[in-house]
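Taking it in order: structure first as structure tokens, then the write-up.
The values are calculated or read from the model by the stated rules, or taken from the named source; none is laboratory data. Since the model is a prediction, treat every value here as computed from it, not as a measurement. Cβ placement follows ideal geometry from the backbone for every residue including glycine, while neighbour counts extend to all protein chains displayed. Keep in mind that these areas ignore ligands, DNA and RNA; they rest on the heavy atoms of the full protein, side chains included. Shrake-Rupley method; radii C 1.70, N 1.55, O 1.52, S 1.80 Å.
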Amino acid sequence: MKLSKLIFVAAASVGGLFSLSSCKSGGGNSIKVGEFASLTGKEATFGTSSHEGTLLAIEQVNAAGGVLGKKLELLTEDDQTKAGEPANAVNKLISKDGVIAILGEVASSRSLEAAPICQLNKVPMISPASTNPTVTREGDYVFRVCFNDNFQGGALANFASGTLKAKKVAILTDVKSDYSKGLAKSFKEKYATSGGVVGTELDFNGGDKDFKGQLTAIKSDAPDAIFLPGYYNDVALICIQAKQLGMSIPIFGGDGWESESLLEIGKDAMEGHYFSTHCSIEQPTPEMTSFVNSYKKRFSGKSPDAMAVLGYDSAMVLVDAIKRANSTESGALREAIATTKDFAGASGKISLNADRDAVKALVFIQIKGGKFTYSATVNP
Ligand code: PHE
């Protein structure tokens, strides 16, 4: 139902594209690049961070003279963290603005909404940080510059049995999020094959405020740890309530935990818990160091998070592809993005595989002394 409606909207915009084709493909003085992000609403830190990284990349490229003799023009749409808005955003960017490519989104559910529209219109889409495996399965115009959750779920399962030595793990899944459901599934499959037992499995809806019912049930099942594949705001509340119930077992999750707000909301209830993510800003590579310095300079001393790094990389991978294609024509650009190999990104080396996913290492972070502390790297 939802999909057929989207395709209908997208098909309507295809008609618009024909008449707009002259202003598409960078025919004017600038090359138009579209971006959609959650700049406001429940996951505002995700969109704000990825947008800042993306913007910094575009500004740097323009300061160095632009690409193919033209300046890049970044057109950003705020999807307000709301279902339905990503479709509106990309339809507008494609049919009204005539962008040559689209950067976004961080959250998988919102990328999944936009991807079929980009695919249908043959406008390359590069997600900075959506990890749900199905995102890039939407078609050959959809890419990501991060790993997917088959890899992340497997790394988390090894972490549970290896590092935590957990024999039984409870899982709390956000059923409103494709990311959460997908990561729970890949974790479970891998954890079971390594002999782990999945104990209590319960759901919540992102945005809920009271998790005591689920946590009480988990407590009475006495697992060794809780796997919580959620986003930072829900995660922080869950950790606070677990602490209030006197639970001291480790709680761990994936990249959705990463936000300074996790610590601001959760405070000492976050202490000792773990999550996996895309990179650490302490990675001693020249690309990361230079990115962190430029970002701090541009955004009043603020430290970047993983989404900022990946937003930056998504734009730089696009620029690299435009240069290699020596064109912004959709087919040539798609081809060039697909053949990205060993691109020196701020997050690490980026090579895209046949599924249009980046093959990259993952890092584990532990919250120690109220800070995100690097704990380990897992290579693909
Ligand atoms: N991977 C998450 C998703 O697919 C988004 C995310 C990426 C969140 C990076 C935080 C950091 O929904």
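From the set of residues in the stretch 164-183 that are assigned to a loop (DSSP other than H, G, I, E, B) and more than 19 Å from the chain's Cα centre (by Cα), which is nearest to residue 343 (Cα to Cα)? The qualifying residue nearest to residue 343 (Cα to Cα) is 164. On inspection, residue 40 does not qualify as open to solvent by 10 Å² or more (accessible area, probe 1.4 Å), within 14 Å of the ligand (Cβ to nearest atom) and not in a helix (DSSP H, G or I).
For the stretch 117-144, which residues satisfy the criterion of being closer than 18 Å to residue 82 by Cβ and more than 9 Å from the ligand (Cβ to nearest atom)? 117, the sole residue that qualifies.
Taking the stated definitions as given, is residue 209 touching a Leu at 6+ places or on another chain (Cβ under 7 Å) and either more than 10 Å from the ligand (Cβ to nearest atom) or open to solvent by 50 Å² or more (accessible area, probe 1.4 Å) (or both)? Criteria met by residue 209. Determine whether residue 72 is more than 15 Å from the ligand (Cβ to nearest atom), in contact (Cβ under 8 Å) with a residue 60 or more places away in the chain and either under 30 Å from residue 297 (Cβ atoms) or not aromatic (Phe, Trp, Tyr) (or both). Yes, satisfied. Selection of the stretch 145-158 for residues being open to solvent by less than 10 Å² (accessible area, probe 1.4 Å) and more than 12 Å from the ligand (Cβ to nearest atom) yields 154, 155, 156, 157.
From the list 354, 344, the one residue that fits, being touching an Asp or Glu at 6+ places or on another chain (Cβ under 7 Å) and in the same structural domain as residue 50 (by TED's automatic domain parsing), is 344. Kindly evaluate residue 169 against the criterion of being buried (at least 23 other Cβ atoms within 10 Å of the Cβ), of a type in the set (Val, Ile, Thr) and free of Cβ contacts under 8 Å to residues at least 60 places away in the same chain. Judged against the criteria, residue 169 is a match.
Looking for whichever is assigned to a helix (DSSP H, G or I) and either within 15 Å of the ligand (Cβ to nearest atom) or surrounded by 23 or more Cβ atoms within 10 Å (Cβ to Cβ) (or both) here; the options are 161, 220, 186. Which one fits?
Every option except 186 fails the conditions.
Looking at residue 306, is it within 16 Å of the ligand (Cβ to nearest atom), crowded, with 21+ Cβ neighbours inside 10 Å, farther than 24 Å from residue 134 by Cα and not polar (S, T, N, Q)? It is false that residue 306 is within 16 Å of the ligand (Cβ to nearest atom), crowded, with 21+ Cβ neighbours inside 10 Å, farther than 24 Å from residue 134 by Cα and not polar (S, T, N, Q). Would you check which residues across the stretch 96-108 are in a helix (DSSP H, G or I) and surrounded by fewer than 22 Cβ atoms within 10 Å (Cβ to Cβ) and list them? Residue satisfying the conditions is 96 alone.
The residue that is surrounded by the most Cβ atoms within 10 Å (Cβ to Cβ), counting only those in the stretch 239-274 that are in a loop (DSSP other than H, G, I, E, B) and within 16 Å of the ligand (Cβ to nearest atom), is 254. Remark: residue 114 matches the filter, which requires a residue to be among the small types (Gly, Ala, Ser), assigned to a helix (DSSP H, G or I) and within 16 Å of the ligand (Cβ to nearest atom). Taking (1) part of a helix (DSSP H, G or I); (2) modelled with pLDDT of 95 or more; (3) farther than 30 Å from residue 302 by Cα in turn, residue 11 satisfies each apart from (2).
Residues in the stretch 339-354 that are in contact (Cβ under 8 Å) with a residue 24 or more places away in the chain and surrounded by fewer than 17 Cβ atoms within 10 Å (Cβ to Cβ): how many? Summing the residues that are in contact (Cβ under 8 Å) with a residue 24 or more places away in the chain and surrounded by fewer than 17 Cβ atoms within 10 Å (Cβ to Cβ) in the stretch 339-354 gives 1. Against the test of being crowded, with 21+ Cβ neighbours inside 10 Å and away from the ligand (no atom under 16 Å from the Cβ), the options 225, 236 yield a single qualifying residue, 225. When the criteria are applied in full, residue 359 meets the requirement of being among the hydrophobic types (A, V, I, L, M, F, W, C), surrounded by fewer than 17 Cβ atoms within 10 Å (Cβ to Cβ), touching a residue at least 40 places away in the same chain (Cβ under 8 Å) and closer than 22 Å to residue 142 by Cβ.
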